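Okay, so here's the structure we're looking at.
The values are calculated or read from the model by the stated rules, or taken from the named source; none is laboratory data. Please read all numbers here as calculations on a predicted model, not as lab measurements. Neighbour counts are summed over all protein chains in view; Cβ atoms, including those assigned to glycine, are modelled from backbone coordinates with ideal geometry.
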Amino acid sequence: MQNNTSELLFDGLKVLDFTWVGVGPITTKYFADHGADVIKIESVSRPDVLRGAPPFKDAIPGINRSQFSGNYNSSKRNLGVNLSIPKSVDLIKDIIVQWQPDVIAESFTPRVMKSWGLDYLSVKRIAPDVIYFSTCLMGQYGPHNNYAGFGQLAGAMAGFYEITGWPDRGPAGPYGAYSDFLNPPVAFGSIVAALDYRDRYGKGQHIDLSQYEGAMHFLAPHIMKYNEDGFILGRMGNEDEEMSPHGIFQCLDKERGLTDTEESWVAIAIESESQWTEFSKVLDLPEAISNQNLAERKLNKDQIDNLISNWTLQKDARQIMNLLQSHEIPCGMVQSQSDMWEDPQLKHTDFFQWLEHSEVGPMPYDGLQFTLSKTPGSLTRAQAMVGEHNLEILDEILSMGPSEAANLLNEGILEQSF
């Protein structure tokens, strides 16, 4: 890790990144955006599944055209290697010996890295103080350690699908691969702690993050409540045990063309009696309604929600959000992607960054999720094409010339997507 006088937090840190899909790439991107040299190991023979996920530039599918994977892999260099060939594994081991990465990250089931001889115990022999980070669905050990899957499975198994949705319907789980977005901050903090430990004591370690277990921690209050009194939280729509009103309310439709309209919504959450009093004044609610306490409001939920809906349906969602927030009432506009382009806070922070991609040209990328005041990070490059930096990396680390690299490409050891 770097000293406090450096411009970027992780200047000089070296990360060899075997991860794919969500949790791993998002985690290593935190380091890449803050100065670390992250070399992503990828394959054309078996590409990251997100490279095949939309949206694609100009709606044309292609391994280098997905903005889904692009957002998770900017600021990294790329080495294209077919690890199913034994000589490829020897190449990677040579890179580890010569480059001595501080962190090696992988996100496969335990058998994969072991089958290549690149598991922690094998790598430790050639890089004794390495921080080796593993993350997969069920972790490295236990009876289900080879159970492969994505965040939708981890979210369901952890219990999130059981508590999201409506009480009279089946589960309607949270959007997308939920655990993929819960685990990266946990992973990032764990790796930083391991690097700090190594700085103090000179010892590397193996971090094993089960995405299922990591996600479950976010349900800790409900698990503790079950242990206390046996209460099992069920689906309750948009309701909340301690807040009312608490819901999503439809607003005036947004015009998107001569004949096309798009629904718009706001989220409103009343957390206290003082907020309810102020909210009642803004909506000019009848005194019989505005005088109700939390318990009474919960009993009269349908009537109150109808009054709120009648009010919101007459107004623009952003207008409602700004109005209620000005009265210190928690309210947020439910934003579409196009809404986010117009969001004043995102504009203020210059969140969307335009980067030049080698195949598709200029593209907007999601910016940093957090800003450090003394050592601010930045996006340094668009997602690389598979193997885009083969020559650069091999020359820099192994002093390998273009002709030798070309031979490896012809043998299928090196790969590239261009």
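Picking from residues in the range 294-348 that are part of a helix (DSSP H, G or I), modelled with pLDDT of 95 or more and small (Gly, Ala, Ser), the one that is farthest from the chain's Cα centre (by Cα) is Ala295. The condition of being hydrophobic (A, V, I, L, M, F, W, C), buried (at least 20 other Cβ atoms within 10 Å of the Cβ), closer than 18 Å to Glu396 by Cα and in the same structural domain as Ala187 (by TED's automatic domain parsing) holds for only one of Leu79, Leu83, that being Leu79. Regarding the range 20-31, can at least one residue be identified that is over 15 Å from the mean Cα position of the chain (by Cα) and either buried (at least 24 other Cβ atoms within 10 Å of the Cβ) or hydrophobic (A, V, I, L, M, F, W, C) (or both)? No - not one qualifying residue is present in the range 20-31.
Which is out of contact with any Phe, Trp or Tyr (no Cβ under 9 Å at 6 or more places or on another chain), farther than 30 Å from Glu42 by Cα and of a type outside the set (Phe, Trp, Tyr), of Asp343, Asp339?
Details: Asp343 fails: out of contact with any Phe, Trp or Tyr (no Cβ under 9 Å at 6 or more places or on another chain).
So the residue among Asp343, Asp339 that is out of contact with any Phe, Trp or Tyr (no Cβ under 9 Å at 6 or more places or on another chain), farther than 30 Å from Glu42 by Cα and of a type outside the set (Phe, Trp, Tyr) is Asp339.
Can you tell me which of Phe133, Phe108 is closer than 26 Å to Ser179 by Cβ and surrounded by fewer than 22 Cβ atoms within 10 Å (Cβ to Cβ)?
Working: Phe133 fails: surrounded by fewer than 22 Cβ atoms within 10 Å (Cβ to Cβ).
Step by step, each of Phe133, Phe108 is checked, and only Phe108 is closer than 26 Å to Ser179 by Cβ and surrounded by fewer than 22 Cβ atoms within 10 Å (Cβ to Cβ).
When you look at Met216, is it farther than 17 Å from Phe108 by Cβ and not basic (Lys, Arg), yes or no? Judged against the criteria, Met216 is a match. Screening the candidates Phe160, Phe133, Phe108, Phe150 for the property of being under 21 Å from Ser84 (Cα atoms) and among the aromatic types (Phe, Trp, Tyr) yields one hit, Phe108. Taken over the range 349-383, residues that are under 25 Å from Glu7 (Cβ atoms), over 21 Å from the mean Cα position of the chain (by Cα) and either assigned to a strand (DSSP E or B) or among the polar types (S, T, N, Q) (or both) amount to 3.
Among the residues of the range 172-212, write down those that are touching a strand residue (DSSP E or B) at 6+ places or on another chain (Cβ under 8 Å) and outside any helix (DSSP H, G or I).
Filtering the range 172-212 down to residues touching a strand residue (DSSP E or B) at 6+ places or on another chain (Cβ under 8 Å) leaves 183, 186-187, 190-191, 194-195, 197-198, 204-211.
Passing the criteria: Gly204, Gln205, His206, Ile207, Asp208, Leu209, Ser210.
In the set (1) within 26 Å of Glu263 (Cα to Cα); (2) touching a residue at least 12 places away in the same chain (Cβ under 8 Å); (3) not assigned by TED's automatic domain parsing to the domain that holds Trp276, the condition left unmet by Trp341 is number (2).
Out of the range 260-292, which residues are part of a strand (DSSP E or B) and hydrophobic (A, V, I, L, M, F, W, C)? Quick ask: steps written out before the conclusion?
Looking only at the range 260-292, we keep the residues that are part of a strand (DSSP E or B), and these are 261-262, 265-269.
Trp265, Val266, Ala267, Ile268, Ala269, listed by residue number.
If you check Tyr178 against the conditions, is it of a type in the set (Phe, Trp, Tyr) and over 20 Å from Tyr30 (Cα atoms)? It is false that Tyr178 is of a type in the set (Phe, Trp, Tyr) and over 20 Å from Tyr30 (Cα atoms).
Residue-wise test of (1) in contact (Cβ under 8 Å) with a residue 40 or more places away in the chain; (2) among the β-branched types (Val, Ile, Thr); (3) buried (at least 21 other Cβ atoms within 10 Å of the Cβ).
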position	(1), (2), (3)
Phe150	yes, no, no
Ala158	yes, no, yes
Asp168	no, no, no
Tyr178	no, no, yes
Phe181	yes, no, no
Gly189	no, no, no
Leu195	yes, no, no
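Scanning the range 338-363 for residues that are surrounded by 14 or more Cβ atoms within 10 Å (Cβ to Cβ) and either on the phi > 0 side of the Ramachandran plot or of a type in the set (D, E, K, R) (or both) yields a count of 3. What's the total number of residues in the range 206-229 that are in contact (Cβ under 8 Å) with a residue 40 or more places away in the chain and among the β-branched types (Val, Ile, Thr)? Qualifying residue count, the range 206-229: 1.
From the list Ala295, Ala187, Ala288, which residue is among the small types (Gly, Ala, Ser) and in the same structural domain as Phe150 (by TED's automatic domain parsing)?
Exactly one residue qualifies, and that residue is Ala187.
Here are some residues: Ala406, Ala382. Which one is surrounded by 13 or more Cβ atoms within 10 Å (Cβ to Cβ), free of Cβ contacts under 8 Å to residues at least 60 places away in the same chain, in the same structural domain as Tyr30 (by TED's automatic domain parsing) and in contact with a strand residue (DSSP E or B) (Cβ under 9 Å, 6 or more places away or on another chain)?
Values: Ala382 fails: free of Cβ contacts under 8 Å to residues at least 60 places away in the same chain.
Sole residue among the options that is surrounded by 13 or more Cβ atoms within 10 Å (Cβ to Cβ), free of Cβ contacts under 8 Å to residues at least 60 places away in the same chain, in the same structural domain as Tyr30 (by TED's automatic domain parsing) and in contact with a strand residue (DSSP E or B) (Cβ under 9 Å, 6 or more places away or on another chain): Ala406.
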